[in-house]
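The values are calculated or read from the model by the stated rules, or taken from the named source; none is laboratory data. All values derive from a computational prediction rather than experimental measurement. We place every Cβ from the backbone using ideal geometry, glycine too, and count neighbours over all the protein chains shown. These area figures cover heavy atoms from the full protein model, side chains too; ligands, DNA and RNA do not enter into them. Shrake-Rupley method; radii C 1.70, N 1.55, O 1.52, S 1.80 Å.
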Amino acid sequence: MSIKKIQLFYDVFARIAATIFLFSSIYIAVFFGTDVDLSISYIWGVLFISLAATIGRIPFFTDKEISKTKMLAGNIIYVIFLNILVMVSGYYLEWFHPGENKMIIGLEITIFVIYACVMFISYITDLQTAKKINEKLKNRKEKTDE
C-alpha cells in the first residue's frame, strides 16, 4: 500500500471518528440526557465502528475510473453495511433500547447525518485537491508555452 493510500485511509478514519463523536454526543444528550457517565467501551466502540467503516471504504480508494452505476451500487451496499455495523455494535454496547422506536429512528437519523457529513467533507476536500492539481497543470502549461 502506498503512502498516499495510507494517508487517505487515515484521513477517512479521522473524518469518520470525529463526526461520530460529534453527532453521537448529540444523540446521547437527546436520548440519555446530559448527565451521563460513559464507559471506555463507548470510545472503543466508536473507534471500532470508525475503523470498520474506513475498511469498508477501501474499494473506493482506487485510481481507476468507476462508472456512476458502480459508484451508486457501491454506496448503497456501503450504507447497508454501515447500518448493520452500527445497529449490531450499538445493540451490544447498549446504545439504544430495542423496544424504543424513537431511539432506533434517532440512531438511523444519526447514521444518515454522519454519512452525509463525511461524504460532504470528502467532496470538499477532493474538490480542493482537484483545484490545486488544475492550478499546477495550468502553471506548468504556461511555463512550457513561454
> Of the numbered conditions (1) open to solvent by less than 60 Å² (accessible area, probe 1.4 Å); (2) assigned to a helix (DSSP H, G or I), I77 satisfies every one except a single condition; which is it?
Replying inline: (1)
>> Looking for something assigned to a helix (DSSP H, G or I), open to solvent by 60 Å² or more (accessible area, probe 1.4 Å), in contact (Cβ under 8 Å) with a residue 24 or more places away in the chain and not β-branched (V, I, T) - is there at least one such residue anywhere in the range 116-129?
In response: no
> In the range 43-68, how many residues are out of contact with any Leu (no Cβ under 7 Å at 6 or more places or on another chain), open to solvent by less than 40 Å² (accessible area, probe 1.4 Å) and closer than 15 Å to G90 by Cβ?
Replying inline: 2
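Does the range 80-102 contain at least one residue that is over 22 Å from V113 (Cβ atoms), over 16 Å from the mean Cα position of the chain (by Cα) and surrounded by fewer than 11 Cβ atoms within 10 Å (Cβ to Cβ)?
To start, the set of residues in the range 80-102 that are over 22 Å from V113 (Cβ atoms) comprises 92, 99.
Narrowing further to those that are over 16 Å from the mean Cα position of the chain (by Cα): 92, 99.
So of that shortlist, the ones also surrounded by fewer than 11 Cβ atoms within 10 Å (Cβ to Cβ) come out as 92, 99.
Scanning the range 80-102 turns up at least one residue that is over 22 Å from V113 (Cβ atoms), over 16 Å from the mean Cα position of the chain (by Cα) and surrounded by fewer than 11 Cβ atoms within 10 Å (Cβ to Cβ).
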> Got at least one residue in the range 80-96 being modelled with pLDDT under 90, out of contact with any helix residue (DSSP H, G or I) (no Cβ under 8 Å at 6 or more places or on another chain) and not in a helix (DSSP H, G or I)?
Replying inline: yes
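Taking the range 48-71 as the search range and keeping residues that are hydrophobic (A, V, I, L, M, F, W, C) and farther than 17 Å from F120 by Cβ, which one is modelled with the lowest pLDDT? Before the answer, list the steps.
Taking the range 48-71 and keeping what is hydrophobic (A, V, I, L, M, F, W, C), we get 48-49, 51-53, 55, 58, 60-61, 66, 71.
Right, trim to farther than 17 Å from F120 by Cβ and you get 48-49, 51-52, 55, 58, 61, 66.
Values: F48: 94, I49: 94, L51: 95, A52: 94, I55: 92, I58: 84, F61: 75, I66: 82.
Across the range 48-71, the extreme among qualifying residues is F61.
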> Going through the range 1-23 one residue at a time, which ones are more than 13 Å from the chain's Cα centre (by Cα) and either in contact (Cβ under 8 Å) with a residue 24 or more places away in the chain or surrounded by 13 or more Cβ atoms within 10 Å (Cβ to Cβ) (or both)?
Replying inline: K5
